[in-house]
Amino acid sequence: MGCRTDERGAKGHAAAAATFARKNVTKPPLESPWKSKTGSLSAQGNLELSLTINAHIPLKFWRKNFWFAGARDESLHALTGGEFSRDIVAGKTHPVLALNMLEHGVGCSVCPCSSKKPQSAACYRFIRQGCKLSHTGHVMDRNSYLVDGLAFSIPSSLAYELHFKGEVPQLCVAAVEKD
């Protein structure tokens, strides 16, 4: 037995070939996954891509209420004129909170944070235990007391060493005034 070569068979094959060609012509060609694409996302254009737990964020991208961990006691002691931490422990670190950005983008004012409640302060602020930080979902495992009186402008060299933990929602910051 051979292939069918009558007129009906030839028309059937031609119709099938035309249908196949139409389907394949209308589909765009597949792109190689290795080909570089224009307009790719970057941290420069979309900061949210970089706001992950423990990220090292350049100072120019900081914002008010960003909370960072990892400021060494030695550095904090020098930047606060010896006021914080009074007892320097090698290798010990404290978090810092970004208070506000300085004019013309030259830096950021920060304050150190402590797990110890200030006993002699007439008023103080703290970040509440259990607070869930924005961007990372990090949950505060204890109250973190803001040492506002020792705010300083953070050098960019130290800023990049710190580990981003999240952005503190304003509702998580409590203030206490003693009578």
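Observations on the model:
- Of the residues making up the stretch 107-131, those that are in contact (Cβ under 8 Å) with a residue 24 or more places away in the chain and farther than 20 Å from residue 82 by Cβ are 107, 108, 115, 117, 122, 123, 124, 125, 126, 127, 128, 131.
- Being outside any loop (DSSP other than H, G, I, E, B) and of a type in the set (Lys, Arg) holds for only one residue in 125, 142, 86, and it is 125.
- Evaluation of residue 99 against (1) surrounded by fewer than 20 Cβ atoms within 10 Å (Cβ to Cβ); (2) outside any strand (DSSP E or B) (one fails), failing number: (2)
- The listed residue being under 22 Å from residue 73 (Cβ atoms), surrounded by 12 or more Cβ atoms within 10 Å (Cβ to Cβ) and hydrophobic (A, V, I, L, M, F, W, C), out of 146, 133: 146
- Residue check, residue 128 within 19 Å of residue 51 (Cα to Cα), under 21 Å from the mean Cα position of the chain (by Cα) and surrounded by fewer than 17 Cβ atoms within 10 Å (Cβ to Cβ): no
- Screening residue 109 with (1) among the hydroxyl-bearing types (Ser, Thr, Tyr); (2) surrounded by fewer than 17 Cβ atoms within 10 Å (Cβ to Cβ); (3) not in a strand (DSSP E or B) gives one miss only, at (3).
- Filtered by the rule that a residue be in a strand (DSSP E or B) and not small (Gly, Ala, Ser), the stretch 50-83 gives 66, 67, 68, 72.
- The number of residues in the stretch 151-179 being closer than 15 Å to residue 108 by Cβ and of a type in the set (A, V, I, L, M, F, W, C) comes to 8.
- All of (1) over 22 Å from residue 56 (Cβ atoms); (2) polar (S, T, N, Q); (3) surrounded by fewer than 19 Cβ atoms within 10 Å (Cβ to Cβ) hold for residue 156 with one exception: (1).
- Taking (1) out of contact with any Gly (no Cβ under 9 Å at 6 or more places or on another chain); (2) under 21 Å from residue 53 (Cβ atoms); (3) buried (at least 19 other Cβ atoms within 10 Å of the Cβ); (4) modelled with pLDDT of 95 or more in turn, residue 66 satisfies each apart from (1).
- None of 91, 130 is part of a loop (DSSP other than H, G, I, E, B) and either at pLDDT 95 or above or closer than 17 Å to residue 64 by Cα (or both) except 130.
The values are calculated or read from the model by the stated rules, or taken from the named source; none is laboratory data. What you are looking at is a predicted structure, and each value in this text was computed from that prediction instead of being measured. Positions of Cβ are backbone-derived with ideal geometry, glycine not excepted, and every protein chain shown enters the neighbour counts.
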